[in-house]
1. Please state which of the following conditions residue 142 fails to meet, knowing it meets all the rest: (1) in contact with a helix residue (DSSP H, G or I) (Cβ under 7 Å, 6 or more places away or on another chain); (2) within 11 Å of the ligand (Cβ to nearest atom); (3) assigned to a loop (DSSP other than H, G, I, E, B).
2. So which pairs qualify, if the first residue must be in segment 341-369 and in a helix (DSSP H, G or I), the second must be at pLDDT 95 or above and not small (Gly, Ala, Ser), the Cβ gap must be under 6 Å, and the two must be at least 6 apart or on different chains?
3. Conditions first: (1) more than 13 Å from the ligand (Cβ to nearest atom); (2) surrounded by fewer than 24 Cβ atoms within 10 Å (Cβ to Cβ); (3) within 30 Å of residue 74 (Cβ to Cβ). Residue 309 passes all but one, so which condition is the exception?
4. If you check residue 369 against the conditions, is it buried (at least 20 other Cβ atoms within 10 Å of the Cβ), small (Gly, Ala, Ser), within 16 Å of the ligand (Cβ to nearest atom) and not assigned by TED's automatic domain parsing to the domain that holds residue 97?
5. Keeping to segment 101-117, report how many residues are away from the ligand (no atom under 14 Å from the Cβ) and either of a type in the set (Val, Ile, Thr) or outside the structural domain of residue 214 (by TED's automatic domain parsing) (or both).
6. Looking at residue 283, is it more than 14 Å from residue 97 (Cβ to Cβ) and surrounded by 21 or more Cβ atoms within 10 Å (Cβ to Cβ)?
7. Just checking, does segment 329-336 include any residue being modelled with pLDDT of 95 or more and within 19 Å of the chain's Cα centre (by Cα)?
8. Of everything in segment 59-116, what is in contact (Cβ under 8 Å) with a residue 60 or more places away in the chain and on the phi > 0 side of the Ramachandran plot? Give them in sequence order.
Amino acid sequence: MSRSAELYRRARQLIPGGVNSPVRAMRSVGLEAPLFLRRGEGAYVEDEDGNRYVDWVMSWGPLVFGHADAEVVAAVQDAAVGGTTFGAPTEREVELAAEIVDAVPSIEQVRLVSSGTEAAMSALRLARGATRRDRVLKFAGCYHGHADALLASAGSGLATLGIPSSPGVPTGATADTVVCPFNDVDAVAAAVERYGEGLAAILVEPVPGNMGVVPPAPGFLEALRALCDASGALLIFDEVISGFRVARGGAQERFGVRPDLTVLGKIAGGGLPLAAFGGRAEVMEQLAPGGAVYQAGTLSGNPLATAAALVVLRRLRDPAVYERLEASGAALEAGLREAVAGAPACVQRVGAMATLFCHPGPVRDFDTAAAADTERYGALFRHFLDRGVYVAPSQFEALFVSTAHGEAEIERTVAAAAELFA
Ligand SMILES: *Cc1c(COP(=O)(O)O)cnc(C)c1O
């Protein structure tokens, strides 16, 4: 028995399903046991049995400079020596806030939290508090963490497991959640017409990554902005994936549309548990202690996470990083496109995030994504693994390009895909 299988057997007795986040179980791609990983370096991970893989999961997005980046590791070690948490303000928090405000066009003030779930949940509460309205409009296939109100048609994790929603979410918690198809302006306009007066926010992944990568259709994000302006709802961009990835300033920079509030996580945390939400000062100032909308966190802005995030965000000031990410993303896209040519498959990419759909495409919303051949994707996953390439164990996810990925890693990946689709 492999060490991974052995560990999994033990894990299942001690941890529900053997994992601390459902998609890690790798069941949907037909694996008996998930890989237990013990080490990462650059673009590679190594499992407990000593196998090395080119890693396109990158912890689901955060690692824009690859695993165990020397500068990040040094900063975290350095910070740890000085104390791992105080629950009091620190200079690094101010520095990190300044870095985020400088990078993200619509953010004037920002608050740090510990996970994307917490950030999205808090941004929604703030939008509701600021507008004194309850309803929220979200999109099928967009994931915003696992807060009750947002677990309706929530993409990846649930889609992978075929769960439409979750038991334990009271009907009341999603009663004010309206779900529309992504990229469908008419549906959103009709919903705003119907619920506009009570609508607190439109919440969207501007470049969804949780139904696989689906680019926003030209004019879609602009239409959301206009509908919010007309109805008084706040526009919230969940840029937990797209932030610092599709551009330094995220999708709002790349597509030139400014939301009222922005949710950040993944890259923004530099590979440690840190996320954030921010926006116009006038809205953000309604948070306690200055305002009445309550939100708090014992480990928020903790020294290790802010140290890592500062290193990463400062390095992202260099435009050469994004030139490299774009070039690598384009090379990966072109290679995979050629590999799947003639097959019922397509490749969709925005910057440093891409998905190979086992669907002829184009995939423009969750209904199209859900029609992908997930059996075929499972076969693809297993074939990749066999060739030393580790991709997301779910069709409804992305390949995350980092600066650690180079020609050799792209070539190996493209060659493996070409073998399977030949
Ligand atoms: C990952 C993700 C979240 C949740 O972040 P966690 O840190 O896993 O809680 C929220 N929104 C989007 C778009 C995400 O991809």
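The values are calculated or read from the model by the stated rules, or taken from the named source; none is laboratory data. Just so we're clear, the structure is a prediction, and the values are computed from it rather than from any experiment. Cβ atoms come from the backbone with ideal geometry, glycine included; neighbour counts cover every protein chain shown.
1. (1)
2. Hits for this filter: 366/211; 369/211; 369/363.
3. With respect to (1) more than 13 Å from the ligand (Cβ to nearest atom); (2) surrounded by fewer than 24 Cβ atoms within 10 Å (Cβ to Cβ); (3) within 30 Å of residue 74 (Cβ to Cβ), residue 309 is out only on (2).
4. Judged against the criteria, residue 369 is a match.
5. Number satisfying all stated conditions: 4.
6. Judged against the criteria, residue 283 is a match.
7. Yes, segment 329-336 contains a residue that is modelled with pLDDT of 95 or more and within 19 Å of the chain's Cα centre (by Cα).
8. If the condition is that a residue be in contact (Cβ under 8 Å) with a residue 60 or more places away in the chain and on the phi > 0 side of the Ramachandran plot, then 59, 60, 61, 66, 83, 87 are the ones that fit.
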